[in-house]
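Trainee: Once you've had a glance at the structure underneath, I'll fire off some questions.
The values are calculated or read from the model by the stated rules, or taken from the named source; none is laboratory data. Just so it is clear, the structure is predicted and the values come from calculations on it, not from any experiment. So basically every Cβ, Gly included, is an ideal-geometry build from the backbone, and we count neighbours across all protein chains shown. Surface accessibility is based on the protein's heavy atoms, side chains included, excluding ligands, DNA and RNA. Shrake-Rupley method; radii C 1.70, N 1.55, O 1.52, S 1.80 Å.
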Amino acid sequence: MPDEAQKPASRAGTAPDTSNVASAGDRVPAQETDGFQLVIDALKLNGIDTIFGLPGIPITDLTRKLQAAGVRVISFRHEQNAGYAASIAGFLTRKPGICLTVSAPGFLNGLTALAHATTNCFPMILVSGSSEREVVDLQQGDYEEMDQLAIARPHAKAAFRVLHAEDIGVGVARAIRAAVSGRPGGVYLDLPAKLFPQTMDAEAGKRSLIKVVDPAPRQIPAPDAVKRALDLLKGAKRPLILLGKGAAYAQADADLLALGVGTGIPFLPMSMAKGLLPDTHEQCASAARSYVLPEADVVMLVGARLNWLLSQGKGKTWGGATPKAWGGQKFVQIDISPQEADSNVRIDAPVVGDIGSCVSAMLAAMDANWPQPPAEWLGAIAERKTKNVAKMAESLAQNPAPMNYHSALNVVRDIVKANPDAMLVNEGANALDFTRSIVDMYQPRRRIDVGTWGVMGIGMGYSIAAAVVSGKQVIAVEGDSAFGFSGMECETICRYGLPVCVVILNNNGVYRGDEVNPTGGTDPSPLVFVKGARYEKLMEAFGGTGVLATTPAELRNAMEAAIRSRKPTLINAVIDEKAGTESGRITSLNPAARKKATQ
Ligand code: ADP
Ligand code: TZD
């Protein structure tokens, strides 16, 4: 790659007006400021203290200058991982997570994460350097030429480009507001190479910056909407509260707990809402999920969409007679997006507002003698839970050789119980589904995973961001396929000395590791990897700790040592290659598997 110093000759020739442009290496006179400095000042003014990115033309100097200015710059090996890190940093902090990339390929590498942030309602800003507008628009073949703004737009909640130094303040302010206000999402901010060395009077530059006032204003629900929801809940015979990751994002933990406990209504957390109320809470209905969804008569969704993860609110899961048929339940939906209600089935009582404001309005409107749900409903749920918990305990108690998902995850379950403050990152198919159901969570926003798309590749980016923004121990439970998408970031984990303990549930392949090539040829099946792969050596290669664990005792010792030392650790937990099912629990979405199942 050429570096900036080698480039400007060709650039300068295409620039229409270079009178106020200093080359990147020039010193800016004291009374002047430049685009680099204004971008840094605008971010810092708005409380941005960490950037996730990957340097190169035209943002190399920006990464250096950000670091020199006291912003923490976490430099990755691939932009997609930096992007996922930014997206989850946004979820965890409610400030937009910033991902900084170079133009065209770097931008595209970051774009998947931007789309992921938008899909998952995480506030994130992808900031990419871009090439000369004049050359790009005439398609004259610039270095890394691409119309990035147009490409980003459909994947982002908003997309902006800044052409002039004096507009940097407005551009950054608009990006921040768009990312965090209302339903949060991904925002693209395009910064052309020519912007950075533009100079202007320092005082005027300072005046052009905006400290965003109240970037995510509270949205107070209408009192009649609150009353309608409470009336519906009050009259329910079999009420249920369904918590989604919007409820986790809202950070209204105390009020949510008060609402849950105050109403006595059983609750069911979606995967990233686990721990908002502890999974071990007596009202938690997770262990009776397949009973409560079709049986409930009123369901209150709190920051959860009725998308594929909830079977679109219809079909067998909800007691519908056919896959498209609605069940009999009525729905309350608390959501910040006024367009969310009725996406899939009728929402009888939409409550539009931010979850903090909605929940506190509900608490204020509830009278002291709120009726507890009928004992019959609570008893029926408790009965199912007891039965399912006993069944699970039996599976967890087995100790097969080689290990299976249950025996390995039984260890993780104990370790998380002993370290409830640790962050749990989770991806894979079976590795995801089993971890979600086996490992209890005790505190809000401790579990972060593949989210709305079920995307593989979030693992190391999420781990790095979680460690960086929270300072907490991170435990990443990874399928061996899932890990492969971001494995090289082990170097990043070691470089920054982060307390990340990666546990690979290694069954030699995608889903399972026992498939063979049906032709008898020498190529392996598309679903399998090198047998007996020594993933732990990857962490060792960069100075971290690597452990091969073939028994629960070895896994336990290694996890305990990792947490004691807070050293980067990768544990290659070898499990039976025949363990697991194709696609984990979403076999029904897989045409081939469904065909197989019905044959
Ligand atoms: P899950 O996958 O956990 O079911 P989803 O991502 O489908 O969760 O849904 C999250 C919902 O939460 C989105 O509809 C989003 O608009 C909503 N949401 C996000 N933040 C807030 C907030 N602060 N207040 C209210 N709703 C929110
Ligand atoms: N690519 C991307 C970006 N996301 C995806 N979800 C997939 C591919 C398809 N896919 C899944 O949905 S799960 C999975 C893939 C490739 C990997 C499953 O294997 P694993 O986990 O080793 O990670 P288990 O425990 O063996 O099932």
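Trainee: Once you place label points 7 Å from the Cα toward the Cβ at Ala204 and Phe542, how far apart are they in nm?
Mentor: 4.5 nm
Trainee: Given R₀ = 25 Å, what would the calculated FRET efficiency be for Leu396 paired with Asp514, taking r from the Cβ atoms and rounding to 0.05? Don't jump to the answer; show the numbers that get you there.
Mentor: Details: r = 23 Å, r/R0 = 0.94.
Efficiency, from the Cβ-Cβ distance: 0.60.
Trainee: Could you check how much of the accessible area of the chain is carbon and sulfur, as a whole percent, using a 1.4 Å probe?
Mentor: On the way: 13350 of 24700 Å².
Within the chain, the accessible surface is 54 percent carbon and sulfur.
Trainee: Leaving ligands, DNA and RNA out of it, rank Lys245, Lys206 by accessible area with a 1.4 Å probe, largest first. Don't jump to the answer; show the numbers that get you there.
Mentor: Details: Lys245 40, Lys206 145 Å².
The ordering from most to least exposed comes out as Lys206, Lys245.
Trainee: Now for a different question. Quick one: if the Förster radius is 25 Å, what FRET efficiency do Ala222 and Ser343 give, using the C-beta to C-beta distance and rounding to 0.05? Walk me through the numbers before you get to the answer.
Mentor: Numbers: r = 20 Å, r/R0 = 0.80.
Once rounded, the FRET efficiency stands at 0.80.
Trainee: State the extension gain, in nm to one decimal, for the chain segment bounded by Ala69 and Ala380, taking 0.36 nm per residue of separation less the distance between their alpha-carbons. Show your work: numbers first, answer last.
Mentor: On the way: separation 311, 0.36 × 311 = 111.96 nm, distance 5.98 nm.
Roughly 106.0 nm would be gained on extension.
Trainee: Then there is this: Can you give the accessible area per residue of the chain, in Å², using a 1.4 Å probe?
Mentor: Per-residue value: 41 Å².
Trainee: Still on this structure: At a Förster radius of 30 Å, what calculated FRET efficiency corresponds to the Cβ-Cβ distance of Ala553 and Trp308, to the nearest 0.05?
Mentor: 0.15
Trainee: Mind checking the dipole of segment 54-160: about its Cα centre, +1 per Lys or Arg Cβ, -1 per Asp or Glu Cβ, Debye to the nearest 20? Intermediate results must be reported in sequence, preceding the final value.
Mentor: On the way: 9 positive and 9 negative charges, 156 e Å.
Dipole size: approximately 740 debye.
Trainee: Between Tyr535, Ala365, Thr199, whose Cα lies farthest towards the positive end of the dipole of the chain when Lys and Arg beta carbons carry +1 and Asp and Glu beta carbons carry -1, centred on the Cα centre?
Mentor: Ala365
Trainee: Right, here's the next one. Share of antiparallel DSSP beta bridges in the chain, in percent to the nearest 5? Walk me through the numbers before you get to the answer.
Mentor: Working: 6 of 72 bridges.
If we restrict to bridges inside the chain, about 10 percent are antiparallel.
Trainee: How far is it, in nm, from the label point at Asp214 to the one at Leu589 when both lie 7 Å from their Cα along the line to the Cβ?
Mentor: Reported label-point gap for Asp214 and Leu589 is 3.9 nm.
Trainee: Taking the Cα centre of the chain as origin, sum charge times position over the Cβ atoms of Lys and Arg (+1) and Asp and Glu (-1), and report the length of that vector in debye to the nearest 20. Show your work: numbers first, answer last.
Mentor: Numbers: 61 positive and 60 negative charges, 322 e Å.
Taking the Cα centre of the chain as origin, the dipole is about 1540 debye.
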